[in-house]
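Below you will find the structure I want to go over with you.
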Amino acid sequence: MTASPVLWSLDARGVATVTLNRPEVNNAYDGALISGVLAAMDDLGQKPGLRVVVLRGNGKHFQAGADLKWINGVRPQSIEANEAASQATFEAVQRLNTLPVPTVALVQGGGFSAAAPA
């Protein structure tokens, strides 16, 4: 497993690069990746020189949707745990959508959507 599921940097021009860093699962999101995106947005939101955020994936593919192992681990938990996972996922996407600077996705390989089996 890769050390940190989300990496970010900010260069002197005000260009932030946020990297989804779970290449072993094609950057499928789980609780740690969601928390990492939220933390990156919180940290970057404090940077006065921020001009743009570039979102990219490490490895062959940009992003593979939800990590089904994680989803299947959350599914049998309480309603509250499931709602918390859904709310955190929504919040991560919402923060990317409402940043006060442009957000650009640098998509390499595939960008997949996955859902847990019913």
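In the range 1-24, which residue that is crowded, with 19+ Cβ neighbours inside 10 Å and of a type in the set (A, V, I, L, M) is nearest to HIS61 (Cα to Cα)? Break it down stepwise before answering.
Filtering the range 1-24 down to residues crowded, with 19+ Cβ neighbours inside 10 Å leaves 5-6, 8, 16, 18-22.
After this cut, where a residue has to be of a type in the set (A, V, I, L, M) as well, the list is 6, 16, 18, 20.
Working: VAL6: 15, ALA16: 20, VAL18: 15, LEU20: 10 Å.
Looking at residues that are crowded, with 19+ Cβ neighbours inside 10 Å and of a type in the set (A, V, I, L, M), I get LEU20.
Based on what the data block shows, is GLN77 free of Cβ contacts under 8 Å to residues at least 24 places away in the same chain, over 13 Å from the mean Cα position of the chain (by Cα) and part of a loop (DSSP other than H, G, I, E, B)?
So GLN77 passes the test.
Of these, THR17, THR2, which one is of a type in the set (S, T, N, Q) and modelled with pLDDT under 95?
Exactly one of THR17, THR2 is of a type in the set (S, T, N, Q) and modelled with pLDDT under 95, namely THR2.
Quick check: is even one residue across the range 36-46 in contact with a helix residue (DSSP H, G or I) (Cβ under 6 Å, 6 or more places away or on another chain) and over 18 Å from ASN97 (Cβ atoms)?
no
If I ask for residues that are over 16 Å from VAL93 (Cβ atoms) and either among the hydrophobic types (A, V, I, L, M, F, W, C) or not in a strand (DSSP E or B) (or both), which ones from the range 45-65 would you list?
Just the residues of the range 45-65 that are over 16 Å from VAL93 (Cβ atoms), to begin with: 46-52, 54, 56, 58-61.
Of everything in the range 45-65, those that are over 16 Å from VAL93 (Cβ atoms) and either among the hydrophobic types (A, V, I, L, M, F, W, C) or not in a strand (DSSP E or B) (or both) turn out to be GLN46, LYS47, PRO48, GLY49, LEU50, ARG51, VAL52, VAL54, ASN58, GLY59, LYS60, HIS61.
Got a number for residues in the range 44-63 being surrounded by 13 or more Cβ atoms within 10 Å (Cβ to Cβ) and among the charged types (D, E, K, R)?
Of the residues in the range 44-63, 2 are surrounded by 13 or more Cβ atoms within 10 Å (Cβ to Cβ) and among the charged types (D, E, K, R).
Among (1) under 14 Å from GLY109 (Cβ atoms); (2) in contact (Cβ under 8 Å) with a residue 40 or more places away in the chain, which single condition is PRO23 missing?
Here PRO23 meets the rest and fails (2).
Examine the range 102-115 for a residue that is farther than 16 Å from TRP8 by Cα, within 14 Å of the chain's Cα centre (by Cα), hydroxyl-bearing (Ser, Thr, Tyr) and in a loop (DSSP other than H, G, I, E, B), and state whether such a residue exists.
Yes: the range 102-115 contains one or more residues that are farther than 16 Å from TRP8 by Cα, within 14 Å of the chain's Cα centre (by Cα), hydroxyl-bearing (Ser, Thr, Tyr) and in a loop (DSSP other than H, G, I, E, B).
Which members of the range 30-66 meet the condition of being at pLDDT 95 or above, touching a strand residue (DSSP E or B) at 6+ places or on another chain (Cβ under 6 Å) and not hydrophobic (A, V, I, L, M, F, W, C)?
Listed by number, the residues that qualify are GLY36, ARG56, GLY57, ASN58.
Look through SER4, SER9 and report the one residue that is assigned to a loop (DSSP other than H, G, I, E, B), of a type in the set (S, T, N, Q) and more than 22 Å from GLN87 (Cβ to Cβ). Steps first, please.
Working: SER9 fails: assigned to a loop (DSSP other than H, G, I, E, B).
Only one candidate passes the filter, namely SER4.
I would also like to ask the following. Collect the residues in the range 1-11 that are under 18 Å from THR103 (Cα atoms) and in contact (Cβ under 8 Å) with a residue 24 or more places away in the chain, keeping them in residue-number order.
Listed by number, the residues that qualify are VAL6, LEU7, TRP8, LEU10.
The values are calculated or read from the model by the stated rules, or taken from the named source; none is laboratory data. Computed from a predicted structure; not experimentally measured. With ideal geometry, Cβ positions are generated from the backbone for all residues, glycine too; neighbour counts draw on all protein chains shown.
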